[in-house]
Amino acid sequence: MKRKINFLDLGNQPLANYYLKKKQIKNKEKKYRLVVCFDTTTKMVSIKKTFSSKMMFNNKYPYRSSMSRTMQKSFKYLSDDIKRKFKPKKILEIGSNDGSFLKNFSKNMSIGIEPCSNVEKITKKMKFNTIADYWGIDLAKKILKKFDKVDLIYSANTISHIKNLDNVFRSINIVLSNDGVLIIEDPSLLECLKRNTYDQFYNEHIYVFSYLALENILKKYNLEIFRIENLDIHGGSNRYFIKKMTSNRKIENSVKNQKKKETKFGLNKKKTFIEFSKRVKESKNRLIALFKKCKKQNKKIIGYGATAKSTTILNYCNISNSIIDYFLDTTKDKQNKYTPGTKIKIMKYKGFIKKDVDVVFLGAWNFKKEIFKKEKKFIKSGGKFIIHTPYPKII
Ligand code: JHZ
Ligand code: SAH
């Protein structure tokens, strides 16, 4: 029997965060085939074609965690919880980006790892101890030598971006103290399948983790999950609290519950993924039909939040600059550039949606609550949003 099955083909795609400058839009873009697979033995879901970390995360990386209040609040809440429950003396963050999490801790107790030097510069300026490098064995040894062991490691939306998980967890074991806690937070495969958010698949998301798959890997490194929190962040994420097997922290019921939920849904079965891929095709057809309908009625359509996720949707559904006039985004490094593959101009968000706009495609659907609150005026005046999850609709 074949161990790995390809269950989803999302077509030819550019690198999700590779926004184009005006002078680049006439050039032929490099594309790759985005195929998603399920490993029937390890239960891991991953993308087939991967790129080196250097190609994806370098000194031109545009993403900034601080662009949403939702994330800032979530990081603050977690930091308070960590201080209360674990009282760490030294913490390490892998993928610290612009310091949205780290800034909740004192400078002398925290270390940040962020390979994109243009982003790492921000936390360095804030006088945080940050290192512009990729997480790995050599770096872990260096940290151990300079700072000794740490008792808490946090990594959000980063471990799923690193292909070599063996290297990741071996390096973590080098610096984590014996009773230390590792907290990993990443999009939940269960929620992805439930909400039909196929846009969680793009080149940076090498894996979309389930508890079932993660548990399989962690045990190889004598690590185990002792608590799981289900979050609404990024359309449904899991926060895994992990310990060394030798530590006697109690394994909480949330772990058993997650296992039950995932098994009941069928995250261990090939059939579940094949059914999901059928729903994705339906979702594509419905989304295209919605855009066509709006265009036929001469509606002015724009995008809101030029996300990595929306790169997958737009390229898969073939929605380009003849359908969406422009995108609004608060990220400086995305503004005045063009969306990868579909070449839609990204404009600076100036605090409101213009009056002549009829329909807004919500690229940042994961921040729907935050954005709807901000855009009350547009909604009151009859403005509509197109959203693709759980199924494409106009709201
Ligand atoms: P957001 C990135 O994904 C890439 P993306 C990465 N692979 C990952 O896993 C997650 O982040 C963590 C804008 N915005 O967070 C800001 C507004 O304009 O969904 C961002 O460009 N106005 C590392 O790109 C984008 O939307 C607003 O009011 O899918 C949101 O991007 C808000 C709230 C956001 O991540
Ligand atoms: N933790 C933040 C940022 C997520 S973006 C949040 O949840 O909002 C992912 C970050 O991981 C990027 O800033 C990227 O540069 C970083 N990253 C990617 N590969 C990495 C690696 N091998 N080691 C450490 N950080 C990495």
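The values are calculated or read from the model by the stated rules, or taken from the named source; none is laboratory data. Here the structure is a predicted model, which means the values were calculated and not measured. Here the Cβ is made from the backbone with ideal geometry for all residues, glycine too, and neighbour counts use every protein chain on show.
Scan region 197-234 residue by residue and report those that are in a strand (DSSP E or B) and either within 16 Å of ligand 2 (Cβ to nearest atom) or modelled with pLDDT under 95 (or both).
Looking only at region 197-234, we keep the residues that are in a strand (DSSP E or B), and these are 207-208, 223-231.
Of everything in region 197-234, those that are in a strand (DSSP E or B) and either within 16 Å of ligand 2 (Cβ to nearest atom) or modelled with pLDDT under 95 (or both) turn out to be TYR207, VAL208, GLU229, LEU231.
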Which numbered condition trips up PHE361, out of (1) of a type in the set (Phe, Trp, Tyr); (2) in contact with a His (Cβ under 9 Å, 6 or more places away or on another chain); (3) free of Cβ contacts under 8 Å to residues at least 60 places away in the same chain? (3)
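Based on this model, can you work out whether ASP329 counts as over 19 Å from LYS300 (Cβ atoms) and either within 15 Å of ligand 1 (Cβ to nearest atom) or surrounded by fewer than 23 Cβ atoms within 10 Å (Cβ to Cβ) (or both)? Full working, then the answer.
Numbers: over 19 Å from LYS300 (Cβ atoms): no; either within 15 Å of ligand 1 (Cβ to nearest atom) or surrounded by fewer than 23 Cβ atoms within 10 Å (Cβ to Cβ) (or both): yes.
Spelling it out, it is not the case that ASP329 is over 19 Å from LYS300 (Cβ atoms) and either within 15 Å of ligand 1 (Cβ to nearest atom) or surrounded by fewer than 23 Cβ atoms within 10 Å (Cβ to Cβ) (or both).
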With respect to VAL181, determine if the residue is buried (at least 23 other Cβ atoms within 10 Å of the Cβ) and either in contact with a His (Cβ under 9 Å, 6 or more places away or on another chain) or closer than 23 Å to TYR316 by Cα (or both). no
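Regarding TYR202, is this residue within 22 Å of LEU102 (Cβ to Cβ) and either hydroxyl-bearing (Ser, Thr, Tyr) or away from ligand 1 (no atom under 16 Å from the Cβ) (or both)?
no
Can you name the residue in region 32-53 that is farther than 19 Å from PRO187 by Cα and out of contact with any strand residue (DSSP E or B) (no Cβ under 7 Å at 6 or more places or on another chain) and, of all such residues, is surrounded by the most Cβ atoms within 10 Å (Cβ to Cβ)? First the steps, then the outcome.
Within region 32-53, the first condition is being farther than 19 Å from PRO187 by Cα, and the residues that meet it are 32-33, 40-41, 49, 51-53.
So of that shortlist, the ones also out of contact with any strand residue (DSSP E or B) (no Cβ under 7 Å at 6 or more places or on another chain) come out as 41, 51-53.
Numbers: THR41: 9, PHE51: 15, SER52: 10, SER53: 18.
The residue in question is SER53.
Among the residues that make up region 175-184, is at least one of them within 16 Å of ligand 2 (Cβ to nearest atom), over 26 Å from GLN72 (Cβ atoms) and either at pLDDT 95 or above or among the aliphatic types (A, V, I, L, M) (or both)? Can you show your working first?
In the first step, residues of region 175-184 are kept if they are within 16 Å of ligand 2 (Cβ to nearest atom); the result is 175-176, 182-184.
Cutting the leftovers down to over 26 Å from GLN72 (Cβ atoms) gives us 175-176.
Of the ones still in play, those that are also either at pLDDT 95 or above or among the aliphatic types (A, V, I, L, M) (or both) are 175-176.
Within region 175-184 (the criterion being within 16 Å of ligand 2 (Cβ to nearest atom), over 26 Å from GLN72 (Cβ atoms) and either at pLDDT 95 or above or among the aliphatic types (A, V, I, L, M) (or both)), the answer is yes, since at least one residue qualifies.
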Just one of (1) surrounded by fewer than 19 Cβ atoms within 10 Å (Cβ to Cβ); (2) within 16 Å of ligand 1 (Cβ to nearest atom) trips up TYR304, so point out which. (1)
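How do the helices (runs of 4 or more DSSP H) wholly within region 54-171 filter down when requiring 2 or more residues that are more than 11 Å from ligand 2 (Cβ to nearest atom), in contact (Cβ under 8 Å) with a residue 60 or more places away in the chain and surrounded by fewer than 19 Cβ atoms within 10 Å (Cβ to Cβ): which remain? Before the answer, list the steps.
Working: elements: 69-86, 117-125, 137-147.
Qualifying helices (runs of 4 or more DSSP H): 69-86.
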Could you list, in sequence order, all residues of region 25-34 that are aliphatic (A, V, I, L, M) and farther than 18 Å from MET56 by Cα? ILE25
Taking region 17-41 on its own, how many of its residues are assigned to a loop (DSSP other than H, G, I, E, B) and farther than 26 Å from SER65 by Cβ? 9
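Considering only residues that are within 16 Å of ligand 1 (Cβ to nearest atom) and part of a loop (DSSP other than H, G, I, E, B), which ones fall in region 1-16?
Taking region 1-16 first, the residues within 16 Å of ligand 1 (Cβ to nearest atom) are 10, 13-16.
If the condition is that a residue be within 16 Å of ligand 1 (Cβ to nearest atom) and part of a loop (DSSP other than H, G, I, E, B), then PRO14, LEU15, ALA16 are the ones that fit.
If a residue has to be in contact with a Ser or Thr (Cβ under 7 Å, 6 or more places away or on another chain) and more than 15 Å from ligand 1 (Cβ to nearest atom) to count, how many in region 308-326 make the cut? Show your work before the answer.
We begin by selecting, within region 308-326, every residue in contact with a Ser or Thr (Cβ under 7 Å, 6 or more places away or on another chain); these are 311, 314-315, 319-321.
Among the residues that remain, those that are also more than 15 Å from ligand 1 (Cβ to nearest atom) are: 319-321.
Looking only at that region, the number is 3.
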Looking at (1) more than 23 Å from the chain's Cα centre (by Cα); (2) surrounded by fewer than 18 Cβ atoms within 10 Å (Cβ to Cβ); (3) farther than 22 Å from LYS30 by Cα, which is the one condition that is false for ASN336? (3)
Condition met for GLU29 (within 16 Å of ligand 2 (Cβ to nearest atom) and surrounded by 14 or more Cβ atoms within 10 Å (Cβ to Cβ)): no
